[in-house]
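The values are calculated or read from the model by the stated rules, or taken from the named source; none is laboratory data. Only a predicted model underlies this, so the values are computations on that prediction, with no experimental measurement involved. Virtual Cβ from ideal backbone geometry, glycine too; neighbours counted across all protein chains shown. Protein only, heavy atoms only, side chains kept; ligands, DNA and RNA dropped before computing areas. Shrake-Rupley method; radii C 1.70, N 1.55, O 1.52, S 1.80 Å.
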Protein chains: 2
Amino acid sequence: MKRNRVDAVLDRLEQMGLEQLVITDATSIFYLTGIWVDAGERLVALYLSRHRDCCFFVNNMFNLPPDPGVKIVRFSDTDPYLEMLAGCTDSTRPLGVDKNMPARFLLPLMSMGCGAEYVNASICVDGARAVKDEEEMEAMRRVSAINDKAMAEFKALLKEGVTEREISNQMKEIYQKLGADDLSFPPSVCFGANAAIGHYRSGNVALKKGDCALLDVGCKKDSYCADMTRTFFCGEIAKEEHRRVYELVLEANRAAEAIIKPGVRLCDIDAAARKVIEDAGYGDRFTHRLGHFIGLEVHDFGDVSGANQETAVPGNIFSIEPGIYLEGDVGVRIEDLVLVTETGCEILNSYGKDLEII
Amino acid sequence: MKRNRVDAVLDRLEQMGLEQLVITDATSIFYLTGIWVDAGERLVALYLSRHRDCCFFVNNMFNLPPDPGVKIVRFSDTDPYLEMLAGCTDSTRPLGVDKNMPARFLLPLMSMGCGAEYVNASICVDGARAVKDEEEMEAMRRVSAINDKAMAEFKALLKEGVTEREISNQMKEIYQKLGADDLSFPPSVCFGANAAIGHYRSGNVALKKGDCALLDVGCKKDSYCADMTRTFFCGEIAKEEHRRVYELVLEANRAAEAIIKPGVRLCDIDAAARKVIEDAGYGDRFTHRLGHFIGLEVHDFGDVSGANQETAVPGNIFSIEPGIYLEGDVGVRIEDLVLVTETGCEILNSYGKDLEII
């Protein structure tokens, strides 16, 4: 068990007026126990309580480390495992559950009356996960450093005639050579007008002179996720507007990063970047929020958007990724991960951001 | 909408004594509507009723085809979308929900009283999905044919000294060249003793003379998943027992495939393969069920195991994958997908199964 993290969750539980919580989300369980159980359809559950023993329910078929630091309840597929879980809870008190608990577990637990009522209390875990501890900060620095090195190798592959897919298919191997465990998400390699298409991944499109090449890429190392975007140009800047768009996106990226410190509202960070782009007349071409929290998942709970009035706190890690998308023409996005420090922020990506023509 | 599939689900709903069902699982929604909405954290829901209009709830941010054939309810992130969904249901009747509906949707729907009670009715959709229609059978034949061709290319890459990862990292590109859209799961490429490790994927281990090379691989095409395993040997058969194990697994695979036809219990298919291996004294080295259903997901609902007393029906597609694993030494598994026909079964994989020394 990661005691500091469990305590952070229990504190938040108390603030919600709750005493107990059942978590079935594998990522949150890893966060709290340090143990990955990839149980698929099967139940894996962590019961946390401010007054009772915490219990970790794991099917016999999954291995556990020798001293997991929490009471373990083992079961087989034929055991009444939901009854066993219900037997641990305080049926006279409200029970917090995680937002992802599937109906196949929640409905039976409810019909067994394992709590006085049932409350989505995910925010207790999500809120704790949004504030990284030192171990997590180090992991995020490590994985982002690999992403920086990888970006240089990806750039070196960009030549006229190469296809998006030829680049994206090589990425996993390059990441692994640099020490990463895996991709953190399917890479986006977008040439020319494809860079203006939201959620485009990669296709059989060849790079042409004058195209932009947008690379939105990330790897995983020790279970933590990197995420970075850079946009290059091939051979030349075909139109003056492309250069202008690039410079605006870069200015927006820097404007946002410049104001990040504890106490600043996340919506104001979004606004700082958006203002640069709006003032230049491209406001309607910046079609998404500025960023998202990241850690054990590429999209952790929390975002940097106009709707989020929460303030930044030390230990938050999120992306800053303004973009301008001109349909049928060009797309530019520049994305870093940033860690909120006591006095400002640490930019976790060091790969350069000045315009590069390759 | 795929009317025949919706009707199959409504029939099963009636057999359960239910009138209405809310589905939030993206794969089941694709199965019923032909529309993929990759909504992530956001709600996407299909309301099916035997007496009311079916409704498809989709956030404005996702595109839909021009004529989806079902009543569409659109909403934005700031709309009260769960209230809108609750407004469609019959609050005086039990409401079926899918097994994967997350607590963040289910708990609010329950507190709004959108049904008289709440029942996990996933089996209605899962049961329908387990019986493929002609369109699905064709898709499964197509994707399996690609997998057959790919296996020949993978085999050609196996040379002394090549690492597991060097092979697995090339697979996606080979699949795409052959017309597939993607991998259906991370490939397992296991050399020597690694082939005896359950759920091993691939590492930096080089192929040596005498090693087995177990390849458990699959691709996706038109949203349907392939899955096949073959085990080769490098250079020579190092021990007579390896040959014996291979021949036993092959005999088990064929013994199971030989008895498949409508009306045969799935547990008896498992038993047919297991008997071959048990009779030879390796029963405790065949450590998993014989197979799993497959279609839109690599592991669809349903399995071929000692616990499943359901009978095979025409249109079922599942894997037949016996194995023998000798820890620290060798692992052999031979896996095909089979389609249950009116009179027997069609083996969807045609890649040869006789022992190959490469």
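Data overview
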{"item": "Complete set of residues in region A:239-254 that are within 27 Å of A:Gly315 (Cβ to Cβ) and open to solvent by 30 Å² or more (accessible area, probe 1.4 Å)", "result": "A:Arg254"}
{"item": "Top-ranked residue of region A:149-165 - restricted to ones that are within 28 Å of the chain's Cα centre (by Cα) and among the hydrophobic types (A, V, I, L, M, F, W, C), ranked as nearest to A:Cys234 (Cα to Cα)", "result": "A:Leu158"}
{"item": "Tally of residues being within 13 Å of another protein chain (Cβ to nearest Cβ), in a helix (DSSP H, G or I) and not acidic (Asp, Glu) across region A:161-215", "result": "11"}
{"item": "Residue match in region B:343-358 (condition: in contact (Cβ under 8 Å) with a residue 24 or more places away in the chain, touching a Gly at 6+ places or on another chain (Cβ under 6 Å) and crowded, with 23+ Cβ neighbours inside 10 Å)", "result": "no"}
{"item": "Of residues in region B:298-327 being charged (D, E, K, R) and surrounded by fewer than 19 Cβ atoms within 10 Å (Cβ to Cβ), the one nearest to A:Arg42 (Cα to Cα)", "result": "B:Glu310"}
{"item": "Some residue of region B:105-124 being away from chain A (no Cβ under 12 Å), closer than 30 Å to B:Val340 by Cβ and not acidic (Asp, Glu)", "result": "yes"}
{"item": "Region A:125-136, subset in a helix (DSSP H, G or I) and open to solvent by 30 Å² or more (accessible area, probe 1.4 Å), residue farthest from the other protein chains (Cβ to nearest Cβ)", "result": "A:Glu134"}
{"item": "Those residues of region A:195-215 which are surrounded by fewer than 24 Cβ atoms within 10 Å (Cβ to Cβ), closer than 27 Å to A:Val338 by Cβ and at pLDDT 95 or above, in sequence order", "result": "A:Ala196"}
{"item": "Some residue of region A:218-238 being part of a loop (DSSP other than H, G, I, E, B), touching a strand residue (DSSP E or B) at 6+ places or on another chain (Cβ under 6 Å) and open to solvent by 30 Å² or more (accessible area, probe 1.4 Å)", "result": "no"}
{"item": "Filtered residue count, region A:47-66, keeping only those that are more than 14 Å from chain B (Cβ to nearest Cβ), open to solvent by 90 Å² or more (accessible area, probe 1.4 Å) and either within 20 Å of A:Glu83 (Cα to Cα) or basic (Lys, Arg) (or both)", "result": "2"}
{"item": "Check on A:Met112, open to solvent by less than 20 Å² (accessible area, probe 1.4 Å) and touching a residue at least 24 places away in the same chain (Cβ under 8 Å)", "result": "no"}
{"item": "Check on B:Pro108, part of a helix (DSSP H, G or I) and not assigned by the TED database to the domain that holds B:Tyr224", "result": "yes"}
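Okay, residues lined up against (1) aliphatic (A, V, I, L, M); (2) surrounded by 14 or more Cβ atoms within 10 Å (Cβ to Cβ); (3) within 14 Å of another protein chain (Cβ to nearest Cβ):
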position: A:Ala45; (1), (2), (3): yes, yes, yes
position: A:Phe75; (1), (2), (3): no, yes, no
position: A:Cys88; (1), (2), (3): no, yes, no
position: A:Thr92; (1), (2), (3): no, no, no
position: A:Val97; (1), (2), (3): yes, yes, yes
